[in-house]
1. Working carefully through the options Gly336, Gly344, find the one that is in the same structural domain as Gly133 (by TED's automatic domain parsing), within 19 Å of Asp83 (Cβ to Cβ) and under 19 Å from the mean Cα position of the chain (by Cα).
2. Thr200 fails exactly one of the following numbered conditions: (1) assigned to a loop (DSSP other than H, G, I, E, B); (2) at pLDDT 90 or above. What is the number of that condition?
3. Looking at the structure I just gave you, is Val230 at pLDDT 95 or above, crowded, with 16+ Cβ neighbours inside 10 Å, within 16 Å of Thr252 (Cβ to Cβ) and in contact with a Ser or Thr (Cβ under 8 Å, 6 or more places away or on another chain)?
4. Go through (1) closer than 27 Å to Gln295 by Cα; (2) touching a strand residue (DSSP E or B) at 6+ places or on another chain (Cβ under 9 Å) and name the single condition Pro223 misses.
5. If we keep just the residues of region 314-363 that are basic (Lys, Arg) and in contact with a strand residue (DSSP E or B) (Cβ under 7 Å, 6 or more places away or on another chain), which is nearest to Tyr15 (Cα to Cα)?
6. What tally of residues in region 261-311 results from selecting those that are charged (D, E, K, R), assigned to a strand (DSSP E or B) and under 30 Å from Glu155 (Cβ atoms)?
7. Taking the residues in region 201-215 that are crowded, with 16+ Cβ neighbours inside 10 Å and over 14 Å from Asn254 (Cβ atoms) as candidates, determine which candidate is nearest to the chain's Cα centre (by Cα).
8. Can you tell me which of Arg182, Arg245, Arg217 is modelled with pLDDT of 95 or more and under 16 Å from Gly270 (Cα atoms)?
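The values are calculated or read from the model by the stated rules, or taken from the named source; none is laboratory data. Just so you know, these numbers come straight off a predicted model, no measurement behind them. Note that we place each Cβ from the backbone using ideal geometry, even for glycine, and neighbour counts take in every protein chain shown.
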Amino acid sequence: MLESIYVGLTGLAGYSKGLNVISNNVANLNSPGFKGAQLQFADLYYRDAGGDVPQELGMGLQTGGTFLNFAQGEGRDTGNDLDLMIDGAGLFVLRGDDGQLQYTRAGQFGLDDEGRLVDKSSGARVAASDAGGNLTDIGIAGLRFSAPLATRSVELAGNLSVADTQHVLPDVTVYDAAGGARSLKLTLDNNSATTPGTWTLTVALQDGTQVGSGQVRFANGRPQPGFDNVLVAWQPPTGTPLSLRIALSYDTTNTDGGTESTLALRTQDGYAAGSLVRTSFDADGTFTTEYSNGQTTRHGRLALAWFDSPDQLEPVGNNAFVFRSGAQPRFGQPRGEGFGAIKGRTVELSNVDLAKQFSELIITQRGYQASSQVITTANEMLQQLMDMRGKR
């Protein structure tokens, strides 16, 4: 009967551990990227009670490790560009100041004082992967501003009516090398009376100062190759010279009377200096920066890691894991072989099923009560035995 008490105690100890695992799951119901765990139960060793007939008596309950449920949790839109979720397989790679790598599904990231992308919980740096597969930092260091670009090409599109003698584009903005905006006036004069399909393009400043001119020509109502652009070299009062190519787009038309001239600026390739207004990540993990001058640039790609089995991962807090000794992670990039895609402005929620945890809680409670009752009953039987011995 003493053995029965010991067996009951193993049940109490085992179910106490089970309650601890369940309570931890429930407590982290709202922890992003949290993976629920389940305690592994097994029967303890057996011993032979002796006798002619084999009698194997169990010695109670033992607990093994905890099994991590790595099923993907639901995503929640946060509106924060640096909140990221992996839709599919993969773990974000975090690098501590000591060089140790940790891994997480909780993509709640921000920028530190040096502009590096870091995990908000631990402050560890989020790793990117370069072309050679090496882990590097990623962030906005050196990317806070967009340098200006001088205009080199201006493209016009629309219709020039044969009936018009002149068409004016009163304000075409271009940029110099310092990012300064310059306003030009473009005038097209119809020379069809002397040379059919020919127009003279004159480029002038707003004060009327002419800075260049040339002829464009149409054939069968379309710009004639080789005669569809004018080159203008211009030295502004300040700054470096500008060399502009002003061209008619391939779909520009030169129609007969009865139509209006609609020729206007389609594009120009210059821009002013800009400051950073937004950072984001594409589905393939590419870091993208957007600037106030309308420019967008793409930089490094996030690194991801994966494993052969959840048993290779050990939780270390802050929703992070490390690989157990001897385990080797497999590194890659989002949308790479075997890896999921990145969803921006989204975090992965805990995958804990509250209803299942409540059912496990009831089972654990009943198991604990039953083990306690075994101890109570064995104790009462021992007491009865002692009472019988005392009456002899």
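1. Every option except Gly344 fails the conditions.
2. (1)
3. Criteria met by Val230.
4. (1)
5. Across region 314-363, the extreme among qualifying residues is Arg324.
6. 4
7. Applying the filter and picking the extreme gives Val203.
8. From the options Arg182, Arg245, Arg217, the qualifying one is Arg245.
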